[in-house]
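**Q** Below are the structure tokens for one structure; questions will follow.
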Amino acid sequence: MCGILGILANKGPISNLLYDGLLVLQHRGQDAAGIVVCDEDKLHLRKDNGLVNDVFEKEHIHNLRGKSGIAHVRYPTAGTASAAEAQPLYVNHPFGISLAHNGNLTNAEELTEELYKENLRHINTNSDSEILLNILANELENNRTNAKDEPNLKPNDLFKAITGLHKRCSGGYAVVGMIAGYGLFAFRDPNGIRPLVFGKTDTEDQFSWGISSESVALNSLGFDTVSDLAPGEAIFINNSGEMFKEQCSDNTKLSPCIFEYVYFARPDSVIDGVSVHQARLNMGTRLAQKIVREWPDHDIDVVIPVPDSGRISAIQLAKELDIDYREGLVKNRYIGRTFIMPGQSIRRDSVRKKLNTVEHEFAGKKVLLVDDSIVRGNTSKKIVEMARRSGAKKVYFASAAPPVRFPNVYGIDMAASSEFIANKNTIEEIAENMGADKLFYQDLEDLVESVKCEATGPQEFDTSCFNGFYVTDNVSSDYLEKIEKIRSDSSKQSPSISEESIGIHNQG
């Protein structure tokens, strides 16, 4: 999972806006950050591993002069990721294209071979973002009309290239890019798995366009949201501020990743017309209703959230059950999100540093802890232990999401499925393993209904990590076996198993 951002304005520089936008998107990636801007027809790039504040200093932002640019934050995915794989990426022909990408291609191995054998293009990293960039460049080179007679880029040339890209690529991907001297572009995969939204500001003498993974980044920068990109849709904004839009796929269906609403997205974002905050409130309502159905004579004294993404569901759950809500776990905000940290030992150590209890909120009480989801269960187990050490009489646990049992292949590097606590374990066995007196999971049907709260929003979702159904048709058992090998913690720590050796690429 990554965050992408693009801005084009008639007055610059816009590097400060890109920097501020990346800070808002920092929750989507803490491993690397990058910005590339275009000044006339010259590109200026700064990227490196690290947090946004670590990668960019005042002098970097000062030197990134230009009126258009794109930016990216990355979190660690399968295997290791070098600074060379930090984005944006660039290719000099045709025109000079830079690109930033969020998602994952499920046919990356085949595309790498195809690019080399048929298109004579060499892929130098393990990033499938480089594959996307080279396919786009190749399609643009091959699909330009009257290229010899008319050297300038036409919007339709770009749209034809993106149409060709959709026919070759499979998976979940949202892309923002820039063509040196021409303008900004963006497109979304035919299933709309990864989010992408654009907005605009317009006054008498000044305009600016913004494109982002989440609406909150645009709102914080003063943009008025225009629309989410539709599945398969592409936009091109030239340097004069003219926006062109085209549907570039014949076979589209809006099926966004439901885990965006559960965990990844900020609650103040709106994705495909659905408020993430409202969706999480709905999850709390549905979860409370399930608890009442299954345990009508419950003895819960207090509801305590696991901060931060479990908080909104916990507030609504407590309201529905008419039980006190308390903040009993205090988060150290200078520790990153443990879900997106590589290696179990790092995550385990981070949990101890990340959370501390307010003991009197637990002492002598029967406590219901509410989290957004449970993946490996190690963090949840540690939190249950902390609650008991703080004097809780009983510790119950509730997850706003269903049991995670299958790998996500569209841009979320959760873990090897064999490491999921729900894999081959019953609810009772999971509760025992975590040390909880009772455990409740959201039903998948209730989760879907929680997000389908807007009639104009998505009616179908990618729920593959819960039910194993993949919305693209090329996710084979062989591919899932490769995912299993590369995502296990033992493999991540072993030099003998690499992305190259089994054909898995780092996700954008």
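Derivation of every value follows stated rules applied to the coordinates shown; laboratory data play no part. Since the model is a prediction, treat every value here as computed from it, not as a measurement. FYI the Cβ positions are ideal-geometry reconstructions off the backbone, even for glycines, and counts take in every protein chain you see.
**Q** Indicate, rounded to the nearest 5 percent, the antiparallel portion of the DSSP beta bridges found entirely in the range 277-460. Let's see the in-between values first.
**A** Working: 3 of 19 bridges.
About 15 percent, rounded to the nearest 5.
**Q** Using Cβ counts within 10 Å as a stand-in for footprinting exposure, how do THR472, THR426 rank, fewest first? Could you put the intermediate results ahead of the total?
**A** On the way: THR472 21, THR426 10.
Ordered by Cβ neighbours within 10 Å, fewest first: THR426, THR472.
**Q** Just want the ordering: ARG194, ARG311, ARG326, from fewest to most Cβ atoms lying within 10 Å of their own Cβ.
**A** Values: ARG194 27, ARG311 22, ARG326 19.
With the sparsest Cβ surroundings first, the list reads ARG326, ARG311, ARG194.
**Q** Estimate the FRET efficiency between ALA455 and LYS485 by the formula 1/(1 + (r/R0)^6), using the beta-carbon distance for r and 56 Å for R0, to the nearest 0.05. Before the final figure, lay out the partial values.
**A** On the way: r = 43 Å, r/R0 = 0.76.
Once the sixth-power term is evaluated, E becomes 0.85.
**Q** Another question about this same structure. Once you have the Cα-Cα distance between ASP443 and ASP299, take 0.36 nm times their residue separation minus that, and quote the gain in nm to one decimal.
**A** Values: separation 144, 0.36 × 144 = 51.84 nm, distance 2.20 nm.
Extra length from ASP443 to ASP299 when fully extended: 49.6 nm.
**Q** Hey, what angle do you get for helix 108-119 against the long axis of the chain, alpha-carbon based, 0 to 90 degrees rounded to 10?
**A** 10 degrees
**Q** Next question, about the same structure. Which one of PHE440, LEU184, SER208 has its Cα pushed farthest toward the positive end of the charge dipole of the chain, where Lys and Arg give +1 and Asp and Glu give -1 at the Cβ?
**A** Looking along the dipole axis, the top candidate is PHE440.
**Q** Helix 128-143 versus the longest principal axis of the chain: what is the Cα-based angle in degrees, 0 to 90, to the nearest 10?
**A** Tilt relative to the chain: about 30 degrees.
**Q** Now a separate question. Angle check, please: helix 311-321 long axis (alpha carbons) against the longest principal axis of the chain (alpha carbons), in degrees 0 to 90, nearest 10.
**A** Approximately 40 degrees, to the nearest 10.
**Q** Now for a separate question. Expected output is a single nm value to one decimal: the length gained when fully extending between LYS167 and LYS245, i.e. 0.36 nm times separation in residues minus the C-alpha distance. What is it?
**A** Value of the extension gain: 26.2 nm.
**Q** Calculate the spin-label point distance for ASN356 paired with GLU118, positioning each point 7 Å from the Cα along the beta-carbon direction, and give it in nanometres.
**A** The modelled label-to-label distance comes out at 5.9 nm.
**Q** From the C-alpha coordinates alone, can you work out the Kirkwood hydrodynamic radius of the range 180-241, in Å?
**A** Numbers: mean 1/r = 0.0819 Å⁻¹.
In the range 180-241 this quantity evaluates to 12.2 Å.
**Q** A follow-up question, please. Among PHE207, PHE440, what is the fewest-to-most ranking by other Cβ atoms within 10 Å?
**A** Working: PHE207 16, PHE440 22.
Least to most surrounded, the residues fall as PHE207, PHE440.
**Q** Show that you can apply the helix-only estimate: for the chain, add -39,500 (n - 2.57) for every DSSP H stretch of four or more residues, divide by all residues, and state [θ] at 222 nm to the nearest 500. Walk me through the intermediate numbers first.
**A** On the way: 17 runs with 160 residues, N = 508.
Rounded to the nearest 500, the figure is -9000 deg cm²/dmol.
**Q** Round to the nearest 0.05 the FRET efficiency obtained for ASP268 and VAL226 when R0 = 25 Å and r is the Cβ-Cβ distance. Working shown, then result.
**A** Numbers: r = 18 Å, r/R0 = 0.72.
Result of the calculation: an efficiency of 0.90.
**Q** Follow-up. As an exercise, identify the GluC sites (Glu not before Pro) in the range 229-265 lying in DSSP coil whose Cβ has no more than 14 other Cβ atoms within 10 Å. The partial results should precede the final answer.
**A** Values: sites: GLU233, GLU242, GLU246, GLU260; in loops: GLU242.
Filter output for the range 229-265: GLU242.
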